[in-house]
Amino acid sequence: MKQHIEVLDYAETILKAVKRGVLLTTAADGKVNTMAISWGTLGIEWGRLLFTTFVRTGRFTRELLDKNGEFTVNIPMQDSDLSLIGKCGTCSGRDVDKFKQFGLTPENGEQVTVPGIREYPLTLECRVIYRQEQDKSAMLAEVIEECYPQNVGSENWGANCDVHITFVGEIVNTFIISR
Ligand SMILES: Cc1cc2nc3c(=O)[nH]c(=O)nc-3n(C[C@H](O)[C@H](O)[C@H](O)COP(=O)(O)O)c2cc1C
């Protein structure tokens, strides 16, 4: 069952959860994948409610997002197992089926083709309405030093060579999955 909610009523919950880590789920070519994110913003532009996510170019997630511009953001609630963030944030969907490996249960979406995750029930369904590769020449030097030191390659979860792509998702539906 899904309880539909107003996303702004949960803004504080969502942003506090993002700071700790949430999941970003994507799907294309018959594959569903999820990864941890702890950078993301909730906001408004073009008169639409947006969730913006920042994905390094080397991630498998980036490939899936390029093929299917829909995603879900999966936010833990009281009983959720927070160790899933570390698990889904340190291996790639190129090598493992994280849903099988970590016992995640997909929950069919309503407005997008990408599922939610029952274990992380607060769900934002989003479709990408803008994407842009970030330009290091427009960044503050201290951010470049901190976030792009160029000593960990793209294939690692802690990669720091690749820039991020900004994917701006319009939030088209928000619900809590109840068991
Ligand atoms: C707590 C946490 C937060 C993370 N946040 C981000 C993020 O915001 N953007 C990003 O590109 N990678 C982030 N990562 C790294 C990805 O989750 C990680 O590289 C993952 O293995 C990529 O999976 P994929 O190759 O299946 O897409 C984070 C990892 C952790 C553990």
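Residue count for the stretch 57-108 satisfying the condition of being outside any loop (DSSP other than H, G, I, E, B), surrounded by 18 or more Cβ atoms within 10 Å (Cβ to Cβ) and away from the ligand (no atom under 12 Å from the Cβ): 5.
Inspect all residues belonging to the stretch 14-31 and state whether any of them is more than 29 Å from K100 (Cβ to Cβ) and among the charged types (D, E, K, R). Yes: one or more hits. Do we find a residue being of a type outside the set (F, W, Y), touching a strand residue (DSSP E or B) at 6+ places or on another chain (Cβ under 7 Å), in contact (Cβ under 8 Å) with a residue 60 or more places away in the chain and within 24 Å of A159 (Cα to Cα) anywhere in the stretch 3-17? Yes. If the condition is being more than 25 Å from E12 (Cα to Cα), in contact (Cβ under 8 Å) with a residue 24 or more places away in the chain and among the β-branched types (V, I, T), then the stretch 60-104 contributes T61, T90. Sub-8 Å Cβ pairs linking a first residue in the stretch 122-147 that is over 30 Å from V7 (Cα atoms) to a second residue that is surrounded by fewer than 10 Cβ atoms within 10 Å (Cβ to Cβ), at least 6 apart or interchain, number zero. Looking across the stretch 144-175, just one residue is more than 20 Å from G69 (Cα to Cα), touching a helix residue (DSSP H, G or I) at 6+ places or on another chain (Cβ under 9 Å) and away from the ligand (no atom under 14 Å from the Cβ), and that is I144.
Tallying residues that are assigned to a strand (DSSP E or B) and near the ligand (Cβ under 8 Å from one of its atoms) within the stretch 27-56 yields 10.
Do we have any residue at all in the stretch 150-160 that's surrounded by 12 or more Cβ atoms within 10 Å (Cβ to Cβ), of a type outside the set (A, V, I, L, M), in a helix (DSSP H, G or I) and out of contact with any Gly (no Cβ under 8 Å at 6 or more places or on another chain)? There is no residue in the stretch 150-160 that is surrounded by 12 or more Cβ atoms within 10 Å (Cβ to Cβ), of a type outside the set (A, V, I, L, M), in a helix (DSSP H, G or I) and out of contact with any Gly (no Cβ under 8 Å at 6 or more places or on another chain). For the stretch 23-51, the candidate set comprises residues that are closer than 14 Å to E70 by Cβ and of a type outside the set (A, V, I, L, M, F, W, C); within that set, the residue that is surrounded by the fewest Cβ atoms within 10 Å (Cβ to Cβ) is D29. Exactly one residue out of E45, E63 is within 22 Å of C161 (Cα to Cα) and of a type in the set (D, E), and it is E63.
Checked against (1) farther than 18 Å from F167 by Cβ; (2) surrounded by 15 or more Cβ atoms within 10 Å (Cβ to Cβ); (3) in contact with a Lys or Arg (Cβ under 9 Å, 6 or more places away or on another chain), Y10 meets all criteria but (3).
Each value in this text was obtained by applying a stated rule to the coordinates, not by laboratory testing. This one's a predicted model, so the numbers in the text were calculated from it and none came from an experiment. Ideal geometry is used to build each Cβ from the backbone, glycine not excepted, and the neighbour counts take in all protein chains shown.
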